[in-house]
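For reference, the structure is listed below as structure tokens.
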Amino acid sequence: MKTKIAEYLKALLKNTEKYLVIENEIAYIKDPVFGIVRNRVSAEYLKSIIRLYGESERDIIKKLVRFLLLRQNLNGSWNEIHPNYNQESALVTSFVGEALLLALPYLEGELKKRTENALRKARDYVLLSEIGQGYFLKSKLYTADYLNVDATCGAFLAQYYKVFGDKEALEGAKRAARRVCTFQEKDGAFPYTVNRGNEKYPLNVPCIHYQGVTLYYLSKVQEVIREEWLKECMLKGTQWLLNVQRNDGKFDWSKSGLMFAYYLTGAYAFGIASFVYTSQWDEKYLENATKLLPILGENTPNIVLRWEKGKWRDFPRDVVVSFKSAWLGNYPVKRKLFRLGYAVYRQIARRRFSEDVREDMVFKFVTKLFGIKASTVEPSKNFPDMFMTSEVLDCLSYALTFLKGEK
């Protein structure tokens with residue numbers, strides 16, 4: 001499995017490199033569809049380059065670091081950037097912070113000092129974003145308690161402690177992980193949110209994609225704190241992920257109730273990373289991870305597709321799947337019907353393809369009609385997505401570090 005992951009990663013990195021922009025002493029990834037430059041994408045590309053190639057790519061590592069340093073706000077944060085949204089965020093600050101921590105061994109002199117100073121400011125910003133016990137505010141626009149955000153902020157703080165020995169960061173990481181595990185459902189699922197915040201409706205539903213995301217970032221906390229309670233929480237969460245995986249390796253999306261994360265291909269990468277990490281405690285999960293990789297391959301014609309592809313002949317069956325998904329959660333019937341419409345819209349979109357979806361009038365009309373608050377674009381056609389690609393690169397390069405002993 002290690003060899004197959006490495007081969008897939010190297011091919012994907014090569015395809016992603018086509019969108020790497022180098023300008024003198026800086027470098028960044030530019031989105032080929034939307035033309036934007038996301039801090040998160042460049043940070044995740046940086047992490048994968050470090051894990052796969054390390055010293056041999058020191059020059060590009062430095063250029064990516066310089067770019068990220070230029071993008072930091074005065075208060076220590078980095079912005080979350082989507083086609084329809086650009087705002088400072090503790091979530092993205094944690095992504096970038098982790099990338100800079102990984103890059104430190106490849107830096108020296110003034111650049112290293114600047115990076116350490118940037119990391120201190122990022123650490124302060126993330127800690128100040130904790131508005132409740134382990135509850136980290138994603139951004140001013142998104143104020144609900146998203147458990148994956150808590151886990152991600154905790155992961156950065158844990159890694160910060162690992163490098164700098166900062167006890168306050170360590171305690172923040174523990175609080176974040178404890179909160180996530182406190183709200184875990186009896187069946188092992190992590191609800192997407194545990195309060196409504198400024199969302200119109202609560203989003204306390206299970207989600208396959210964000211189950212993997214949350215487990216992924218919890219693993220980075222566990223690598224530092226090594227707590228039995230967190231191990232048990234992760235095993236329970238990974239078992240839920242196993243239970244929603246079909247025999248052919250694909251996920252059963254009828255068990256996933258978060259419509260905007262429906263059928264995201266990144267779910268398979270987060271699943272691999274989660275299964276691989278948990279396999280250190282129970283080897284059975286390696287088989288589950290192995291089944292996910294071919295599905296990623298099928299959905300990577302060049303860079304990774306936004307959504308898992310579907311076949312038109314399976315459309316009637318998948319409408320039934322969507323009906324089950326729409327009825328998850330405690331919503332009024334009118335809202336459930338809206339959720340069903342959203343799910344069927346996705347079923348159609350993932351079966352069509354376009355490389356240019358910037359002006360998708362269908363989605364613009366739907367969002368305006370129903371008053372949907374959309375930070376990203378959810379087109380009526382599937383497309384090669386740099387956002388998903390960077391997530392896949394990050395997850396699989398991380399998973400490789402736990403397969404070193406594999407023959």
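Within the range 13-24, count every residue that is loosely packed, with under 12 Cβ neighbours inside 10 Å and either within 14 Å of residue 63 (Cβ to Cβ) or of a type in the set (A, V, I, L, M) (or both).
In the first step, residues of the range 13-24 are kept if they are loosely packed, with under 12 Cβ neighbours inside 10 Å; the result is 14, 18, 23-24.
Checking which are either within 14 Å of residue 63 (Cβ to Cβ) or of a type in the set (A, V, I, L, M) (or both) leaves us with 23-24.
Within the range 13-24, residues that are loosely packed, with under 12 Cβ neighbours inside 10 Å and either within 14 Å of residue 63 (Cβ to Cβ) or of a type in the set (A, V, I, L, M) (or both) number 2.
The one condition from (1) surrounded by fewer than 21 Cβ atoms within 10 Å (Cβ to Cβ); (2) free of Cβ contacts under 8 Å to residues at least 60 places away in the same chain that residue 193 does not meet is (1). At pLDDT 95 or above, more than 23 Å from the chain's Cα centre (by Cα) and in a helix (DSSP H, G or I): is that true of residue 365 in this structure? Taking the combined requirement at face value, the residue does not satisfy it.
Being among the small types (Gly, Ala, Ser), in contact with a Phe, Trp or Tyr (Cβ under 8 Å, 6 or more places away or on another chain) and closer than 21 Å to residue 166 by Cβ holds for only one residue in 90, 103, and it is 90. Figure legend. Inter-residue proximity from the range 205-216: first residues over 12 Å from residue 264 (Cα atoms), second residues among the charged types (D, E, K, R), beta-carbon distance below 7 Å, spacing 6+ or different chains. Indicated pairs: 206/255.
For the range 1-47, taking the residues that are touching a helix residue (DSSP H, G or I) at 6+ places or on another chain (Cβ under 8 Å) and in a loop (DSSP other than H, G, I, E, B), the one that is nearest to residue 103 (Cα to Cα) is identified as 25. Are any of the residues in the range 322-330 surrounded by fewer than 19 Cβ atoms within 10 Å (Cβ to Cβ) and closer than 30 Å to residue 4 by Cβ? Checked the range 322-330: no residue is surrounded by fewer than 19 Cβ atoms within 10 Å (Cβ to Cβ) and closer than 30 Å to residue 4 by Cβ. The lone criterion from (1) surrounded by fewer than 23 Cβ atoms within 10 Å (Cβ to Cβ); (2) in a helix (DSSP H, G or I) left unmet by residue 303 is number (2). Taking first residues from the range 232-244 that are open to solvent by 60 Å² or more (accessible area, probe 1.4 Å) and partners that are part of a helix (DSSP H, G or I), the Cβ contacts under 9 Å between residues at least 6 apart in sequence or on separate chains come to 232/181; 236/181; 243/255. Can you name every residue in the range 256-284 that is of a type in the set (Phe, Trp, Tyr), at pLDDT 95 or above and surrounded by fewer than 22 Cβ atoms within 10 Å (Cβ to Cβ)? Result: 281, single match.
Does at least one position in the range 263-283 carry a residue that is in a helix (DSSP H, G or I), more than 15 Å from residue 395 (Cα to Cα), within 15 Å of the chain's Cα centre (by Cα) and touching a residue at least 12 places away in the same chain (Cβ under 8 Å)?
Step one: filter the range 263-283 for residues in a helix (DSSP H, G or I), giving 266-278.
Going one step further and asking which of them are more than 15 Å from residue 395 (Cα to Cα), we end up with none.
Checking the range 263-283: not a single residue is in a helix (DSSP H, G or I), more than 15 Å from residue 395 (Cα to Cα), within 15 Å of the chain's Cα centre (by Cα) and touching a residue at least 12 places away in the same chain (Cβ under 8 Å).
Across the range 87-143, what is the total count of residues that are of a type in the set (S, T, N, Q), more than 25 Å from residue 61 (Cα to Cα) and surrounded by fewer than 15 Cβ atoms within 10 Å (Cβ to Cβ)? Steps first, answer last, please.
Start the filter on the range 87-143 by keeping residues that are of a type in the set (S, T, N, Q), which leaves 87, 89, 93-94, 115, 117, 129, 133, 139, 143.
The next check asks that each one be more than 25 Å from residue 61 (Cα to Cα); those that pass are 87, 129, 133, 139, 143.
Then drop every residue that is not surrounded by fewer than 15 Cβ atoms within 10 Å (Cβ to Cβ), which leaves 133.
Here the count works out to 1.
The rows are residues; the columns are (1) within 17 Å of the chain's Cα centre (by Cα); (2) surrounded by fewer than 20 Cβ atoms within 10 Å (Cβ to Cβ); (3) part of a helix (DSSP H, G or I).
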residue	(1), (2), (3)
49	no, no, yes
65	no, no, yes
72	no, no, no
81	yes, no, no
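The values are calculated or read from the model by the stated rules, or taken from the named source; none is laboratory data. Predicted model only: the values in this text are computed from it and were never measured. Please note: Cβ atoms are built from the backbone with ideal geometry, for glycine as well, and neighbour counts cover all protein chains shown. Please note that ligands, DNA and RNA were not included when accessible areas were found on the heavy atoms of the full protein model with its side chains. Shrake-Rupley method; radii C 1.70, N 1.55, O 1.52, S 1.80 Å.
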